[in-house]
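Remarks on the structure that follows.
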Amino acid sequence: MPAQDFVSPDSIRAQFSAAMSLMYKQEVPLYGTLLTLVSEVNQQVMAEQPQVAQTLRLTGEIERLDQERHGAIRVGNAEELATIARLFAVMGMQPVGYYDLSSAGVPVHSTAFRAVHEQSLHISPFRVFTSLLRLELIDNPALRELSRQILAKRQIFTPRALELIQQCERDGGLTASDADAFVSEALHTFRWHQDATVTAQQYQQLHDQHRLIADVVAFKGPHINHLTPRTLDIDAIQAGMPAKGISPKAVIEGPPPRRCPILLRQTSFKALQEKVAFSDQQGAASGSHTARFGEIEQRGAALTPKGRQLYDQLLDAARDSLGGVPAEANAERYMNLLEDSFRAFPDDLAHMREQDLAYFHYFPTERGLAARGEAQRPTSLQGLIDAGHVQFAALVYEDFLPVSAAGIFQSNLGDDAHSEYGSNANRDAFEQALGKSVQDELALYAQSQQRSLQVCARALDLPGL
């Protein structure tokens with residue numbers, strides 16, 4: 001079949017993202033309330049800070065601002081992870097980055113499935129943070145074996161979804177009607193199922209080992225546990241949630257408030273308690289399970305290796321000074337420590353660029369285009385910037401932070417739900433389960449920055465830029 005008859009993976013991803021959002025609004029009504037609050041705050045920020053709106057228009061971010069940003073799921077074994085990778089590939093999503101959450105007491109390791117080119121991200125920035133349960137971290141051999149057996153019996157994909165994945169791999173794409181069917185079938189994998197696959201006693205055993213283990217093992221599939229819209233002012237969201245009947249978590253994860261945001265800040269509303277029917281309860285939904293929540297994010301500049309090293313150093317310093325895990329009881333003190341520590345990180349784009357702390361997108365200006373034929377025009381990047389021939393904006397961070405991810409997980413398990421696993425990073429085992437290597441997110445940002453410089457060079461007729 002001619003490739004031109006196929007729907008682009010980016011379009012399938014956008015379609016799936018919209019369908020996922022509609023499904024989650026039906027399952028978790030507070031998520032719809034959260035979307036309304038985020039939209040109100042974003043409109044207010046752009047009205048009160050015209051320079052923010054101007055930058056969003058320059059970079060194209062304004063078109064994707066209201067689209068869904070990310071979801072999160074947890075799968076149980078290597079077969080599920082490898083197949084979910086194939087499912088996401090139909091939508092142009094590749095595994096980017098490796099995250100070990102065991103050091104924060106969460107028995108999983110993870111990657112982010114997302115588009116990898118800025119043009120694809122512009123069409124749909126949807127991404128899914130995908131975690132694999134680490135059965136080897138369950139210290140009870142009998143419970144570990146029970147979990148393995150339960151997971152081995154379940155099938156989280158519909159037969160038609162598997163057929164369409166194979167068809168896409170064989171033919172190189174899907175037609176519009178097949179893409180519609182794929183989105184519909186794929187949604188079943190992410191739905192909430194009230195009926196558990198375990199008895200009440202088995203659920204309690206899994207829950208006592210770790211609540212997240214129960215969430216992965218005890219149900220028919222990897223229900224989406226949150227969807228995350230993007231805000232331009234997460235502090236306003238945090239302050240505004242109670243008035244909307246939403247109870248926020250105590251601490252915003254990530255860096256402190258800044259004039260020039262960096263990396264990622266996240267908050268959420270606390271997990272819902274949902275009714276569950278265990279397998280020995282004859283269909284009666286008399287049990288309960290707490291896992292799914294609403295999350296909000298504010299994204300900032302993608303940092304270079306040097307910038308990440310400084311970020312990690314300052315974050316560690318604040319947490320060391322706190323002497324414990326950020327929680328409701330010490331939230332105010334933690335935020336003060338964080339702000340003090342991050343004074344060492346430049347809070348303007350020019351200094352961040354000069355010190356090679358962040359990645360940037362470069363754009364030719366009207367002045368630069370008008371000067372193409374001038375003999376005396378500058379030819380170096382800094383000279384072009386100084387002369388107003390090139391302008392720049394920070395590349396948006398498209399990925400996740402291990403500490404932020406773990407903090408969100410733990411905050412929704414309760415302040416007393418901390419486990420100790422030590423540091424158990426095992427990227428080789430994760431990639432073996434995945435069936436492919438994860439991509440290096442820093443390399444992707446460097447490539448995106450370089451492509452923008454090449455566009456400037458062509459536009460300004462400066463091949464040596």
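The values are calculated or read from the model by the stated rules, or taken from the named source; none is laboratory data. Everything numeric here is computed off the predicted structure, so don't read it as measured data. Every residue, glycine among them, receives a Cβ derived from its backbone with ideal geometry; neighbour counts consider all protein chains shown. Side chains are part of the model used for accessible areas, which takes the heavy atoms of the whole protein and leaves out ligands, DNA and RNA. Shrake-Rupley method; radii C 1.70, N 1.55, O 1.52, S 1.80 Å.
Of note:
- Here residue 234 meets each of (1) touching a helix residue (DSSP H, G or I) at 6+ places or on another chain (Cβ under 8 Å); (2) farther than 20 Å from residue 275 by Cα with one exception, condition (1).
- Yes/no for residue 116 being touching a residue at least 60 places away in the same chain (Cβ under 8 Å) and in a loop (DSSP other than H, G, I, E, B): yes
- Counting only residues that are within 16 Å of residue 304 (Cα to Cα) and crowded, with 16+ Cβ neighbours inside 10 Å, the range 317-360 holds 9 of them.
- Just one of (1) farther than 28 Å from residue 207 by Cβ; (2) in contact with a Phe, Trp or Tyr (Cβ under 9 Å, 6 or more places away or on another chain); (3) surrounded by fewer than 23 Cβ atoms within 10 Å (Cβ to Cβ); (4) not hydrophobic (A, V, I, L, M, F, W, C) fails for residue 114. It is (3).
- Residue list for the range 51-68, filter: assigned to a loop (DSSP other than H, G, I, E, B), on the phi < 0 side of the Ramachandran plot and not acidic (Asp, Glu): 65, 67
- Residue 75 meets each of the listed conditions (1) closer than 28 Å to residue 6 by Cα; (2) at pLDDT 95 or above apart from (1).
- Near pairs, Cβ below 8 angstrom, 6+ apart or cross-chain, from the range 226-253 (within 23 Å of residue 128 (Cβ to Cβ) and basic (Lys, Arg)) to any residue that is assigned to a helix (DSSP H, G or I) and open to solvent by less than 20 Å² (accessible area, probe 1.4 Å): 230/38; 249/408
- Note on the range 266-283: among residues that are free of Cβ contacts under 8 Å to residues at least 40 places away in the same chain and open to solvent by 10 Å² or more (accessible area, probe 1.4 Å), the one that is nearest to residue 214 (Cα to Cα) is 273.
- All positions within the range 120-145 that are open to solvent by 40 Å² or more (accessible area, probe 1.4 Å), assigned to a helix (DSSP H, G or I) and touching a residue at least 24 places away in the same chain (Cβ under 8 Å): 122, 123
- For the range 69-78, a residue qualifies if it is hydrophobic (A, V, I, L, M, F, W, C), part of a strand (DSSP E or B) and touching a helix residue (DSSP H, G or I) at 6+ places or on another chain (Cβ under 6 Å), and exactly one does: 75.
- Annotation note: of 368, 388, the sole residue that is open to solvent by less than 80 Å² (accessible area, probe 1.4 Å) and part of a loop (DSSP other than H, G, I, E, B) is 388.
- Some residue of the range 84-96 being at pLDDT 90 or above, surrounded by fewer than 19 Cβ atoms within 10 Å (Cβ to Cβ), out of contact with any strand residue (DSSP E or B) (no Cβ under 7 Å at 6 or more places or on another chain) and in a helix (DSSP H, G or I): yes
- Candidates 217, 183: the one that is within 30 Å of residue 299 (Cα to Cα) and not polar (S, T, N, Q) is 183.
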